[in-house]
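Worksheet for the structure shown next.
A short reminder: the numbers here are calculations on the coordinates, not readings from a lab. Keep in mind the model is a prediction, meaning the values are calculated, not measured. Don't worry about glycine lacking a Cβ; one is built from the backbone with ideal geometry, like all the others, and counts go over all protein chains shown.
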């Protein structure tokens, strides 16, 4: 994690963007084109949970549809009108709305910006060691080992 800022506060939009746009292997990483994540929690050396200020330009997506085994996730919409996709289908969101995804639910989720306006939201997740992620629509699975993600095909072959 980067060094803690010398000030106890900063303007979130001024925080540096994550240098790598995605942890996914190809061919999945390129599907995250345009997404900008500002890892706010890392800037303050938070170790128990992460906070990202994420921006989705028009037609961008937050992630592949996924579900965590041990990590709770929460999103709060700041600007724009993304569509939330879950097992229940599509749900339009707007500023001030939020959604939570409990660990172990198996309910895959993602946000998509299907509008011509930018979307901005906060995403919060814990950093539970040993988390596993399933991707119901893609031949991908992930396991967190020593704070890093290892990606494989669903049959176990590595990427």
Among 105, 94, which is the only one that is outside any strand (DSSP E or B), in contact with a strand residue (DSSP E or B) (Cβ under 8 Å, 6 or more places away or on another chain) and either under 20 Å from residue 54 (Cβ atoms) or without any contact (Cβ under 8 Å) to a residue 24 or more places away in the chain (or both)? 94
Of the residues 93, 111, which single one is farther than 16 Å from residue 68 by Cβ and surrounded by 13 or more Cβ atoms within 10 Å (Cβ to Cβ)? 93
Has the range 52-67 got at least one residue that is farther than 22 Å from residue 114 by Cα and touching a strand residue (DSSP E or B) at 6+ places or on another chain (Cβ under 7 Å)? no
